[in-house]
Amino acid sequence: MIFKLKILFSIVPLIFLISLSVAADFTYKEYMKESEIWKRGFVFGISRYISAVAQTDEEAPYPVRTAFQRCLAGSTDGLLVRHVQAYVASHPASSNGPMVAVVMRALFDLCRSEIEKVKSPRP
């Protein structure tokens with residue numbers, strides 16, 4: 001039993017590292033090859049993440065996260081996919097990096113007006 005656990009605990013970090021490297025290498029070109037449903041799920045998942053998790057430099061009461069919640073509350077997954085595609089069309093250089101970063105930049109662009117309304121709690 002202990003031997004099986006040792007094998008399991010040695011394999012799990014390897015799978016985790018492989019999945020991180022695959023996610024980092026996933027580009028817009030590969031994203032465009034996927035089905036429409038897959039694209040919608042991918043973009044929708046990232047939109048839910050940024051509206052639920054605070055940004056790394058953000059402190060309570062998490063104004064940027066709240067701005068994303070307000071901005072994305074009425075958005076459909078199809079609308080988000082169209083915005084990502086429009087963002088890449090108007091910023092072609094941005095499509096060269098990892099797809100997660102492309103979607104994040106597109107969503108920041110989409111919600112820019114809500115984010116700009118937020119006043120920084122710092123002086």
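Residues in the range 76-85: is at least one surrounded by fewer than 14 Cβ atoms within 10 Å (Cβ to Cβ) and either among the aromatic types (Phe, Trp, Tyr) or at pLDDT below 90 (or both)?
The answer is no, given that none of the residues of the range 76-85 is surrounded by fewer than 14 Cβ atoms within 10 Å (Cβ to Cβ) and either among the aromatic types (Phe, Trp, Tyr) or at pLDDT below 90 (or both).
Among residues belonging to the range 45-58 that are assigned to a loop (DSSP other than H, G, I, E, B) and aliphatic (A, V, I, L, M), point out the one that is least open to solvent (accessible area, probe 1.4 Å).
Checking each candidate, the answer is Ala54.
For the condition farther than 25 Å from Asp25 by Cα and open to solvent by 50 Å² or more (accessible area, probe 1.4 Å), what is the one hit in Pro92, Pro61?
Pro61
Residue-by-condition table, conditions (1) under 15 Å from the mean Cα position of the chain (by Cα); (2) of a type outside the set (Gly, Ala, Ser):
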site: Ser35; (1), (2): no, no
site: Val53; (1), (2): yes, yes
site: Pro61; (1), (2): no, yes
site: Thr76; (1), (2): no, yes
site: Ala86; (1), (2): no, no
site: Ser90; (1), (2): no, no
site: Gly97; (1), (2): yes, no
site: Val102; (1), (2): yes, yes
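Has the range 107-116 got any residue that is open to solvent by less than 80 Å² (accessible area, probe 1.4 Å), farther than 17 Å from Tyr28 by Cβ and aliphatic (A, V, I, L, M)?
Looking for residues that are open to solvent by less than 80 Å² (accessible area, probe 1.4 Å), farther than 17 Å from Tyr28 by Cβ and aliphatic (A, V, I, L, M), one finds at least one in the range 107-116, hence yes.
Restricting the search to the range 66-75, which residues are of a type outside the set (A, V, I, L, M, F, W, C) and surrounded by 17 or more Cβ atoms within 10 Å (Cβ to Cβ)?
Ser75
Taking Ala23 as meeting all but one of (1) of a type outside the set (Val, Ile, Thr); (2) over 26 Å from Arg65 (Cβ atoms); (3) part of a helix (DSSP H, G or I); (4) modelled with pLDDT of 50 or more, write down the number of the exception.
Going through the list (1) of a type outside the set (Val, Ile, Thr); (2) over 26 Å from Arg65 (Cβ atoms); (3) part of a helix (DSSP H, G or I); (4) modelled with pLDDT of 50 or more, Ala23 breaks only (2).
I'd like to check something: does the range 78-100 contain any residue that is free of Cβ contacts under 8 Å to residues at least 60 places away in the same chain, β-branched (Val, Ile, Thr) and part of a loop (DSSP other than H, G, I, E, B)?
no
The values are calculated or read from the model by the stated rules, or taken from the named source; none is laboratory data. Quick caveat, the model's predicted, so the values are computed rather than measured. Because the Cβ atoms are built from the backbone with ideal geometry, glycine has one as well, and the counts that use them run over all protein chains shown. For accessibility, only protein heavy atoms count, side chains too; no ligands or nucleic acids. Shrake-Rupley method; radii C 1.70, N 1.55, O 1.52, S 1.80 Å.
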